[in-house]
Each structure stands twice: as C-alpha cells, then as structure tokens.
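Notes to accompany the following structure.
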Amino acid sequence: QLQLMESGGGLVQPGASLRLSCAASGSGFGLDYYAVGWFRQAPGKEREGVSCMTRGGSTNYEDSKVGRFIISRDSAKNTLYLQMNNLKPEDTAVYYCAAEGSPRFPTAQAMCAARGHGMDYWGNGTLVTVSS
C-alpha cells in the first residue's frame with residue numbers, strides 16, 4: 001500500500017520561501033502512477049486544495065497560490081514537492097500530500113476543488129507557520 005511522508009515545514013517570516021517534500025513508498029508503482037495533490041488545513045478552517053497534478057502531469061493551483069506555489073514530481077526519487085514562495089501569514093496551516101488510487105477526477109482542478117475528498121492515500125502532514 002502506498003505510504004506518504006511529508007517534510008520541510010517550519011516557522012518562517014512573511015516573504016520567505018519553503019519547499020515541502022512528500023516521499024512515497026510501499027507501492028509497487030511509482031508516484032507517477034497516481035494523481036497527487038497538496039492540501040492544507042488551517043486552525044478552525046476547512047481543508048482546502050493547494051495544488052494538484054494529474055497522472056499526465058497537468059497541474060492546478062488554487063486562487064491565491066497561483067504564481068507563488070509550484071508543484072513538481074521527481075520520478076527518480078519518488079517524491080512530490082511543493083515550492084512555496086512569498087509566504088503570507090494566511091498560508092499558515094498543516095500541509096498534507098495525498099494520492100488518488102482509483103481514477104475519480106477528470107482534471108487537476110476537479111481534484112483540488114474536492115478539498116481532498118476522494119483521495120485514497122494521505123501523509124501525516126507538516127506544519128507551516130508564517131509569522132513575524
């Protein structure tokens with residue numbers, strides 16, 4: 001069964017950058033086999049999609065993340081990344097990576113809009129705190 005583990009979170013000041021990593025293991029298939037996404041949940045708020053990627057590599061970024069966040073996948077390392085630039089206090093949240101096992105979403109946008117519902121595999125999350 002696919003296992004995911006996030007890393008790279010921390011406390012940073014507004015305007016800083018962070019790169020989150022999500023290492024995949026435990027599956028006979030590489031991470032390329034799965035549609036994947038980054039989701040986040042801030043205290044007291046509903047989980048939301050951050051950025052998603054289909055099996056074919058098409059990507060989607062939600063609203064305020066466009067131009068600041070970049071999702072990428074390294075097949076050789078079986079790792080998913082989220083590069084986050086110009087971080088803002090409202091980006092403070094626990095960030096999760098997730099993978100879709102059985103195809104459900106026709107597009108990356110649909111995957112992100114579902115706020116993580118329908119994703120089959122999840123990491124434990126990594127906390128990002130943006131504060132001065």
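The values are calculated or read from the model by the stated rules, or taken from the named source; none is laboratory data. Remember, predicted model here, so these are calculated numbers, not experimental data. In this analysis, Cβ positions are derived from the backbone assuming ideal geometry, glycine residues included, and neighbour counts consider all displayed protein chains. Ligands, DNA and RNA are excluded from the accessible area calculation, which covers all protein heavy atoms including side chains. Shrake-Rupley method; radii C 1.70, N 1.55, O 1.52, S 1.80 Å.
The table for this structure:
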read-out: Largest to smallest accessible area among T129, T107 [probe 1.4 Å]; value: T107, T129
read-out: Net charge of neighbours whose Cβ lies under 12 Å from the Cβ of G118, counting Lys and Arg as +1 and Asp and Glu as -1; value: 0
read-out: Charge sum, other residues only, whose C-beta stays under 15 Å from S17's C-beta, Lys/Arg counted +1 and Asp/Glu -1; value: +3
read-out: Qualifying chymotrypsin sites (Phe, Trp or Tyr not before Pro) in the stretch 7-80, DSSP loop, other Cβ atoms within 10 Å at most 14; value: F29
read-out: Span per principal axis, largest first, for the Cα atoms of the stretch 1-106 (Å); value: 40, 26, 26
read-out: In the stretch 1-94, the GluC sites (Glu not before Pro) that fall in loop regions by DSSP, at most 13 other Cβ within 10 Å; value: E46
read-out: Rounded D (µm²/s) - the stretch 36-80, Kirkwood Rh over Cα pairs, Stokes-Einstein at 4 °C, 1.567 mPa s; value: 112
read-out: Local electrostatic count, L127, Cβ distance below 11 Å [Lys/Arg +1, Asp/Glu -1]; value: 0
read-out: Accessible area of the stretch 78-132 belonging to carbon and sulfur atoms, whole % at 1.4 Å probe; value: 46
read-out: Å² of accessible area per residue within the stretch 43-119, as computed with a 1.4 Å probe and no ligands counted; value: 48
